[in-house]
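Report on the following structure.
What follows draws every value from the coordinates through simple rules; no lab data is involved. Keep in mind the model is a prediction, meaning the values are calculated, not measured. FYI the Cβ positions are ideal-geometry reconstructions off the backbone, even for glycines, and counts take in every protein chain you see.
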Amino acid sequence: MFPVTVTDTVDETDTIKVLRLVRTDGAPLAPYAAGAHIDVTGPTGITRPYSLCGPPEDTGAYTIAVKREADSRGGSRALYDKTAPGTELTIGTPRQLFGLAQDAVEHHLVAAGIGITPLLAMAYELHSRSAEFTLHYVARSRAEAAFAGLLTRSGFTDRVVCHFGLGRDAAGEALTAQLTGLPTGAHVYTCGPQSFMDRVTALAAHSLPEEQIHSELFQAGEPSDTGEVFEVELDTGEVYAVPPGKSIAEVLEENGVPLETSCREGICGTCVLRVIEGEPDHRDHCLSAKEKAAGDQIAACVSRAKSSRLVVELW
C-alpha cells in the first residue's frame, strides 16, 4: 500500500464520482491490464476494491469510479463524500482477477450500472489493438449511466450498444438477441448486480463453455461465522482450531502468523491461500467457479472447510 493524491474529481451522475489518482511521492505508477482493480483505503480507514476504468496505456494516473451506495457501511459513502482534489488516500498495486482472454475471436462486454467500470477499460484496450468486440451497457436511464457522454465521444462509439430505460424485461430480451448463437471462439465478460450477471451467464452458456464466460462482482462474500469448528494446518506443521464466529485469517493473526489481508469480505483476493489437503467451503466472490471447483485455493477471510481439517500453504 502507498499514498496517492486525488488530482481531479468528476460527478458522472448524481451518485457516481470519478477520481483521478497520482502517487503522492511523484513516482511512476505500475502498469496494468484491463480488468484490474486496486484496493483503496478511504477517509474512514475502510479498504474496498475499485476497478481501474481509464485507458490502460495512461500510466500517468489511475482512474476509478465510486458509487455512493445507500446502504454503504462507510467505505463508498466516505470516499464519495469526503474526497476532493488534494485529498490523500492509500492504495495497493493493481491486481488482476478479471482479464481479457488473449485467444478470443471476439469479445462481448456486458455491463449494468457501475459494472461499466472494468468493461470500459477493456473496451479501451480492445480498441487499441483493433480487436473485435461489442460493449452492451444497461442502465435505468441515461442520467444514471456513468460515462454515457464519454462513450458517445470515444473512438469505439460504433462498438457500443446502450440499453437505457428499457426496464428489466425489455433489456433481457435485447440481451437475449445479442447473446444467442455466439461463435465457438467468443468470450463474454459481465459486471453488475448479481442477478444481472446470473442472467447474462445463463444466456451465454447456451453457446459457450463456462471457461469462456467471465464475471466480476465486488460484493461481500457470505459471512464466516456459521458452520462447524475445523482445524487449519500450515505447511510448516502448526495446527489451529477455527471456531464459528472467527475466520481462518483471524485465527492465524491471533496466533502471530503473518497474513496479508485487505477487504476482509472475500472480494479482493489478497488473503487467498493454497490448499494442500482438505475440502474448502467457498464463501467468497474473488475466486472463479473453475478455481473453486479445483479446490486448491481458499479465501482465508470468509471461507471455511467442509472437511475436519484443511492443510494450507502461505504463498
**OP:** Please find, in a Gaussian network model of the chain (springs between Cα atoms separated by less than 10 Å), the residue of His214, His107, His127 whose mean-square fluctuation is greatest.
**Re:** His127
Original post:
Between Ser130 and Asp25, how many nm apart are label points set 7 Å from Cα along the C-beta direction?
Top reply: 4.1 nm
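Cut-off is 10 Å between beta-carbons; in what order do Tyr62, Tyr32 appear when sorted fewest neighbours first?
Numbers: Tyr62 24, Tyr32 20.
Least crowded to most crowded, the residues run Tyr32, Tyr62.
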**OP:** Over all alpha-carbon pairs in region 230-313, figure out the percentage whose distance exceeds 18 Å.
**Re:** 31 percent
**OP:** Could you check which residue among Ala139, Ala177, Ala34 shows the biggest mean-square fluctuation in a GNM of the chain with a 10 Å Cα cutoff?
**Re:** Ala177
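If we count every other residue with Cβ under 9 angstrom of Tyr240's Cβ, Lys/Arg +1 and Asp/Glu -1, where does the sum land? All intermediate terms of the calculation are to be shown ahead of the outcome.
Values: positive: none; negative: Glu231, Glu233, Glu238, Glu254.
Result for the local shell: -4.
Select from region 134-223 those chymotrypsin sites (Phe, Trp or Tyr not before Pro) which occupy a DSSP coil region and have at most 16 other Cβ atoms within 10 Å, ordered by residue number. Present the calculation step by step, with values, prior to reporting the outcome.
Working: sites: Tyr137, Phe147, Phe156, Phe164, Tyr189, Phe196, Phe218; in loops: Phe147, Phe156, Phe218.
Of the chymotrypsin sites (Phe, Trp or Tyr not before Pro), the ones in loops of region 134-223 whose Cβ has at most 16 other Cβ atoms within 10 Å are Phe156.
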Original post:
Against the longest alpha carbon principal axis of the chain, how many degrees, from 0 to 90 and to the nearest 10, is the axis of helix 168-178 turned?
Top reply: 80 degrees
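For region 147-198, compute the orientation-averaged projected area of the C-alpha convex hull (one quarter of its surface), in nm². Mind showing how you got there, number by number?
On the way: hull surface 18.9 nm².
Averaged projected hull area, Cα only: 4.7 nm².
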Original post:
Three principal axis extents, largest first, for the C-alpha atoms of region 1-124, in Å?
Top reply: 44, 35, 21
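Report for the chain the percent antiparallel among DSSP-assigned beta bridges with both residues inside it, nearest 5.
Working: 37 of 62 bridges.
The antiparallel fraction comes to roughly 60 percent.
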Original post:
Based on the Cα coordinates of the chain, what is the per residue volume of their convex hull in Å³?
Top reply: 143 Å³
